[in-house]
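The next block holds one structure in the form of structure tokens; read it before the comments.
The values are calculated or read from the model by the stated rules, or taken from the named source; none is laboratory data. Given the structure is predicted, the values throughout are model-derived calculations rather than measurements. No Cβ is skipped: glycine too gets one built from the backbone with ideal geometry, and neighbour counts run over all protein chains shown.
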Amino acid sequence: MAAIVQNVVTSGVFELDGGQWDVDNNVWLIGDDNEVIVIDAAHDAAAIADVIGDREVRAIVCTHAHNDHVNAAPELAGRTGARILLHPEDRVVWDLTHPDRAPDGELADGQTLSIAGTELQVLHTPGHAPGAVCLYAADLGVVFTGDTLFHGGPGATGRSFSDYPTILLSIQDKLFALPDETEVRTGHGDSTSIGAEKAGASDWPQP
């Protein structure tokens, strides 16, 4: 039996470069009745823990380290005993929010995480942040893109540690190589599909 995907929407503030923005974040849980992986522990550890229940949390995976995606990670790790995993190139961003608490492990391009009989492949997709990753579950037909790809185009690249040409290459090389029918579960807002975003990509600004 394949793992199931659950969504928890949490609300808080994104802070970077001296600015603040109110945001709603998608927190994704992948697992079964016994175990789960959490993608992007945002804003409200208690709300996430309520959905987890008594299941074992195998890992708290960060698609990137902007504060709105990791601000609840240490508290959730403390509640559950789970390890926090982050791509090492995003440590500089992580330290802006958690200078006194390091992640517990590193993510690498091509790495596979297993949960409830389902494999999640780590895809390093820099651009929105240097250590941004997506997680592709082939047997579920789903990719979790964090802030790399949204319904309507790439994630924002107008702030520190981001780069528009880089995010375009990441999307083209890593995400558009996935099957068109792959569902795209994003870090904020509505889901989409790889095929739908490919079809609209010709309208994206060119670097």
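Determine, yes or no, whether Leu120 is of a type outside the set (Ser, Thr, Tyr) and surrounded by 17 or more Cβ atoms within 10 Å (Cβ to Cβ). Taking the combined requirement at face value, the residue satisfies it.
What pairs come out if I take residues in segment 76-96 that are in contact (Cβ under 8 Å) with a residue 12 or more places away in the chain and aromatic (Phe, Trp, Tyr) and pair them with residues that are assigned to a helix (DSSP H, G or I) and buried (at least 19 other Cβ atoms within 10 Å of the Cβ) whose C-beta lies under 7 Å away, six or more apart or interchain? Here the result reads Trp94/Val70, each pair linking segment 76-96 to a residue that is assigned to a helix (DSSP H, G or I) and buried (at least 19 other Cβ atoms within 10 Å of the Cβ). In the set Val13, Val93, only one residue is surrounded by fewer than 21 Cβ atoms within 10 Å (Cβ to Cβ), modelled with pLDDT of 95 or more and either on the phi < 0 side of the Ramachandran plot or touching a His at 6+ places or on another chain (Cβ under 7 Å) (or both); that residue is Val13. Restricted to segment 1-50, the set of strands (runs of 3 or more DSSP E) holding at least 1 residues that are more than 23 Å from Leu120 (Cα to Cα) comprises 4-16, 19-31. Against the conditions (1) touching a helix residue (DSSP H, G or I) at 6+ places or on another chain (Cβ under 6 Å); (2) part of a strand (DSSP E or B), Glu75 satisfies every one except (2).
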